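The values are calculated or read from the model by the stated rules, or taken from the named source; none is laboratory data. What you are looking at is a predicted structure, and each value in this text was computed from that prediction instead of being measured. Here the Cβ is made from the backbone with ideal geometry for all residues, glycine too, and neighbour counts use every protein chain on show.
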Amino acid sequence: MHIPDGLIAPQAYLAAAALVVPCWAFAVRRVSRALDERTIPRLAVLTALAFVLSTIMVPLPGGTSAHLSGMGLLVLAFGLWPAFLAFSTVLALQALLLGAGGITALPVNALIMGLIGGGVVAGAHSLVGGGRSAWATVIPVWLGVVAASLGMALVLGLQPLLGRDETGQPLFFPFGPEVTLPVIVLPHLVLGALEGFLAWVVLGRFDFCRATA
Amino acid sequence: MKDRIVLIFWLAAVVAITFVHEPVVLAALLLIVLISIGRSAPGIARRALAAVALVNLTVSIAFVLSAWLAGDAWLQFVLRLNLRVFLLALLTFWMIRHVDLARAAAPWPSLQFIVVLALGQIRTFSALLADYRMAFASRSPTRPPLRVRFDGAGRQAAAMMEKAESQAEDLTQGMRARGFFDDCQDARDYNRKNNREENCEDSRKDNCEDNREHNWPDANDRSRLND
């Protein structure tokens, strides 16, 4: 789902950076306080896990791609803030090691997929009463994926309004929300359900492994 | 130092290029970058092209079609988009070839630890995932039904999560064994939490003497060094 460099206007990615940097600082403080000295190895391993979970990407028409982000799974297994930090680090590593995603788009990707998507998963999970039942896993993850795709579609759809040259041609991503919303959100309605179902299967196995370890 | 300079230069260049909209200027910059890269330019350009081709082609074709149907001009935008995205990808792949991320993160020890440990763990998990996939494929002489494949994927992810949990604990223990953590802080926190009066000054002294004996810095020395 994440956006490459060159499609997002500086006004959008700088604004996203201004929003996401304090969130990163807050997350670091929260995670450090909660996990003490285990923070570094735990975050590193979580980052590696998130990286591997998100290695499969399926390109979508409309300038973006779809993949099992693993964000919902991480939020349900480890909590919102560690998951947000790990996911942001993954996005940075993907941009800096693989050239995937883009560094200017990193704040937008982290904000929408990590914080909004993750926040919706955590919020919905507590709203449905927590636990690891199918509904308490699939619905929050599905909502998180759909919310993130909605945010991404809106940010991309906003780009034609943020920059046009004197002839009226767009400077960045050219299609408005009337194109981006159906192109990005509709496939994620299905992908979100798949990811939710996978998260339920994985968490069930994970709890079983933990209990028998 | 070199890695940091290259990283900062790349970041500044990437941000600056997003402010350039004239295709002629973008083409000139692309030419300059290709010449500057030198002999490795074809290899880097091929990787950059492969990374952006799908997105660029999709957006370009969709835009050309919609502009053609509406009778609008499209060339300026298509040139701008493709030149800019390709130029950014080219710079990124050039940076990837020249920057060691762990060395670039050296001034921030915690970040450096995370980068080094995460990169090592990524290799471990990727190898593990490849093993699982190959094992699954070798057990399946014909293509298994969707339910089985889904279940297999779930088990692989769960095994990796379980592995991640134990790896985090192993890494923590390994780092503790090498004197990375201030164990006395743990004892003080425990005492504080349990309203216990005794402190661990004696064990702290022992720990510090032990560290000096082995010529290891203790946790406080390290935090001063980091500051």
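Worth a mention:
- Selection of the range B:58-99 for residues being more than 8 Å from chain A (Cβ to nearest Cβ), within 22 Å of B:S36 (Cβ to Cβ) and of a type in the set (S, T, N, Q) yields only B:N82.
- When each of B:L87, B:L69, B:L75, B:L83 is tested for being within 24 Å of A:G176 (Cα to Cα), in contact with a Leu (Cβ under 9 Å, 6 or more places away or on another chain) and either at pLDDT 90 or above or assigned by TED's automatic domain parsing to the domain that holds B:T172 (or both), the lone residue that passes is B:L83.
- Residue in the range B:134-141 that is surrounded by 20 or more Cβ atoms within 10 Å (Cβ to Cβ), more than 24 Å from the chain's Cα centre (by Cα) and more than 8 Å from every other protein chain (Cβ to nearest Cβ) present: no
- Each residue in the range A:97-126 was checked for being closer than 23 Å to B:A168 by Cβ and within 11 Å of another protein chain (Cβ to nearest Cβ), and 1 pass.
- Restricting attention to the range B:1-51 and to residues that are part of a helix (DSSP H, G or I) and among the hydroxyl-bearing types (S, T, Y), the residue that is modelled with the highest pLDDT turns out to be B:S36.
- Residues of the range A:94-110 satisfying the condition of being buried (at least 23 other Cβ atoms within 10 Å of the Cβ), in a helix (DSSP H, G or I) and not β-branched (V, I, T): A:A95, A:L106, A:P107, A:N109, A:A110
- Test: residue in the range A:62-70 that is modelled with pLDDT under 85, under 19 Å from A:A44 (Cβ atoms) and in a helix (DSSP H, G or I): no
- Pair list, Cβ under 6 Å, 6 or more apart: the range A:119-136 residue without any contact (Cβ under 8 Å) to a residue 60 or more places away in the chain, other residue β-branched (V, I, T) and part of a loop (DSSP other than H, G, I, E, B): A:A136/A:V128
- Across the range A:157-178, a minimum of one residue is classified as more than 27 Å from B:L26 (Cα to Cα) and either aliphatic (A, V, I, L, M) or more than 14 Å from every other protein chain (Cβ to nearest Cβ) (or both).
- Qualifying residue in the range A:129-142 (condition: within 14 Å of another protein chain (Cβ to nearest Cβ) and modelled with pLDDT under 90): yes
- Among the residues of the range B:38-56, those that are within 8 Å of chain A (Cβ to nearest Cβ) and closer than 16 Å to B:M95 by Cβ comprise B:R47, B:A48, B:A51, B:V52.
- Condition met for B:A118 (without any contact (Cβ under 8 Å) to a residue 60 or more places away in the chain and more than 9 Å from every other protein chain (Cβ to nearest Cβ)): no
- Within the range A:164-185, the residues that satisfy the criterion of being assigned to a loop (DSSP other than H, G, I, E, B) and in contact (Cβ under 8 Å) with a residue 24 or more places away in the chain are A:L171, A:F172, A:F173, A:F175.
- For the range A:1-47, a tally of residues being within 17 Å of A:G99 (Cα to Cα), among the hydrophobic types (A, V, I, L, M, F, W, C) and at pLDDT 80 or above returns 2.
- Search result, residues across the range B:13-31 that are within 19 Å of the chain's Cα centre (by Cα) and away from chain A (no Cβ under 11 Å): none
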